[in-house]
1. So which residues in segment 92-116 are within 29 Å of Gln151 (Cα to Cα) and surrounded by 19 or more Cβ atoms within 10 Å (Cβ to Cβ)?
2. Looking at segment 168-183, can you tell me whether even one residue there is crowded, with 16+ Cβ neighbours inside 10 Å, closer than 30 Å to Gly300 by Cα, touching a strand residue (DSSP E or B) at 6+ places or on another chain (Cβ under 6 Å) and at pLDDT below 95?
3. Which residues, taken from segment 206-236, are within 13 Å of the ligand (Cβ to nearest atom) and either free of Cβ contacts under 8 Å to residues at least 40 places away in the same chain or crowded, with 18+ Cβ neighbours inside 10 Å (or both)?
4. Do any residues in segment 313-341 that are assigned by TED's automatic domain parsing to the domain that holds Val186 have Cβ atoms under 7 Å from those of residues that are assigned to a strand (DSSP E or B) and among the basic types (Lys, Arg), where the two are at least six apart or on different chains, and which pairs are they?
5. Filter segment 261-276 for residues that are among the charged types (D, E, K, R) and more than 6 Å from the ligand (Cβ to nearest atom); which is surrounded by the fewest Cβ atoms within 10 Å (Cβ to Cβ)?
6. Go through Leu127, Leu140 for me and flag whichever is buried (at least 18 other Cβ atoms within 10 Å of the Cβ) and touching a helix residue (DSSP H, G or I) at 6+ places or on another chain (Cβ under 8 Å).
7. Could you please let me know if Gly302 is touching a Pro at 6+ places or on another chain (Cβ under 9 Å) and either within 28 Å of Arg139 (Cα to Cα) or within 11 Å of the ligand (Cβ to nearest atom) (or both)?
8. Return the residues of segment 184-200 that are modelled with pLDDT under 95 and either within 9 Å of the ligand (Cβ to nearest atom) or on the phi > 0 side of the Ramachandran plot (or both); say none if nothing qualifies.
Amino acid sequence: MLTDIERRALRRALEIAADDAVPLGPNPRVGCVLLSPGGGVLAEGHHRGAGTAHAEADALARASAPLTGATAVVTLEPCTHVGRTGPCAEALIDAGVSRVVIARRDPNPVAAGGVDRLRSAGVDVELDVPEELATAAQRLNRGWEHGVRHQRPLVTAKLALTLDGRAAAADGTSRWITGEIARAEVHELRATSDVVLVGSGTARADRPTLTARREDGGLHPRQPLRAVMGTGRFPALSTPEGSGEAITLATHDPSVALEDLHARGRRHVLLEGGPTLTAAFLRAGCLDELIVHLAPTLLGAGSPGLGDLGITTIADRLDLDLVEVTPLPPDLRLTLRPRAA
Ligand SMILES: NC(=O)c1ccc[n+]([C@@H]2O[C@H](COP(=O)([O-])OP(=O)(O)OC[C@H]3O[C@@H](n4cnc5c(N)ncnc54)[C@H](OP(=O)(O)O)[C@@H]3O)[C@@H](O)[C@H]2O)c1
């Protein structure tokens, strides 16, 4: 059980870990708050990306008072491996920390083992954190965790659809199918992914910038890598000052594209269509989550929201699990996942 002070410290550790200035991959985002035996905050620290100090080392370096009997509240299990920095579990033990609160176990086999190491040194380890905070810790690094488990980035596809399942009108126009709230959410999704990907057909039809913008139209401080997939010609993405790098993935194979993005240290891809590319990812089993913005409007004709999946009979349909339905007036957001076979 956590004390109220530890619960507050964990909320704070999650907040500093999510700092907009910290890149999303290939390292996890981690926060640490050090508490004195009396519950006062001794220091805070967070990891700022590959090659920088881990959150625990950052906090330890900032603490001026002795740490004997202190509590470390961390968003991710302290590591036990020697990488560019030393093992954090060891650093906490050496500093005299006597209790460690951990929101999330480390899924990375190379780094895991912190809990056992701390316990073997007599440190009291608390893993029973409130569900809401455990979920926040999991969501903070879901792209990174996916990369550790599957060696490829997490792929979230976002579709804006009319009630009759159209992604564009017969003349190719699709702006705008959804309302302002749904469109603002797309920019949040872009800022919390580290790649925005479209097919070359969308690049040709829409000439999108694929930047993450705030409501006032200014650029979000965190910009995704912008990628267009295809082998044909398409106009270069316009690149306003402050936007992320733009690349071409000259392939039709989703696995090859994801391998390339993984090698670039990217861990969460927001696939923004169009219908042909989204279908290709589904067919290849490379789509992990689907966010549909469903608008209460009809077109009756125009391009379908999804290209051919190669399904010819109802028994072969691709079922999805509906995870959540959220109103984004006047639209609805449906969050879905392909059903595990
Ligand atoms: N409502 C929405 O959410 C939404 C979102 C995006 C787009 N749209 C609309 O969708 C329309 C464009 O649709 P689209 O289907 O042409 O766009 P698309 O899926 O973005 O692009 C299709 C093109 O991507 C390339 N490609 C890359 N990987 C592929 C693969 N595995 N299989 C086949 N082709 C691959 C091919 O071009 P190459 O010859 O270059 O290889 C193909 O012609 C536009 O009207 C746009 O406004 C709607």
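1. If the condition is that a residue be within 29 Å of Gln151 (Cα to Cα) and surrounded by 19 or more Cβ atoms within 10 Å (Cβ to Cβ), then Val101, Ile102, Ala103, Arg104, Asp106, Ala111, Gly114, Val115 are the ones that fit.
2. For segment 168-183, residues crowded, with 16+ Cβ neighbours inside 10 Å, closer than 30 Å to Gly300 by Cα, touching a strand residue (DSSP E or B) at 6+ places or on another chain (Cβ under 6 Å) and at pLDDT below 95: present.
3. Kept after step one, since they are within 13 Å of the ligand (Cβ to nearest atom), are these residues of segment 206-236: 206-208, 210, 227-235.
Listed by number, the residues that qualify are Asp206, Arg207, Leu210, Ala227, Val228, Met229, Gly230, Thr231, Gly232, Arg233, Phe234, Pro235.
4. Partner pairs satisfying both residue conditions: Leu320/Arg337; Asp321/Arg337; Val323/Arg337; Thr326/Arg333.
5. Arg264
6. Values: Leu127 fails: buried (at least 18 other Cβ atoms within 10 Å of the Cβ).
Selected residue: Leu140, the only one of Leu127, Leu140 that is buried (at least 18 other Cβ atoms within 10 Å of the Cβ) and touching a helix residue (DSSP H, G or I) at 6+ places or on another chain (Cβ under 8 Å).
7. In short, no.
8. Residues satisfying the conditions do not exist here.
The values are calculated or read from the model by the stated rules, or taken from the named source; none is laboratory data. The model shown is predicted, which means the values in this text are computed figures rather than measured ones. Note: ideal-geometry Cβ built from the backbone for every residue, glycine included; neighbour counts use all protein chains shown.
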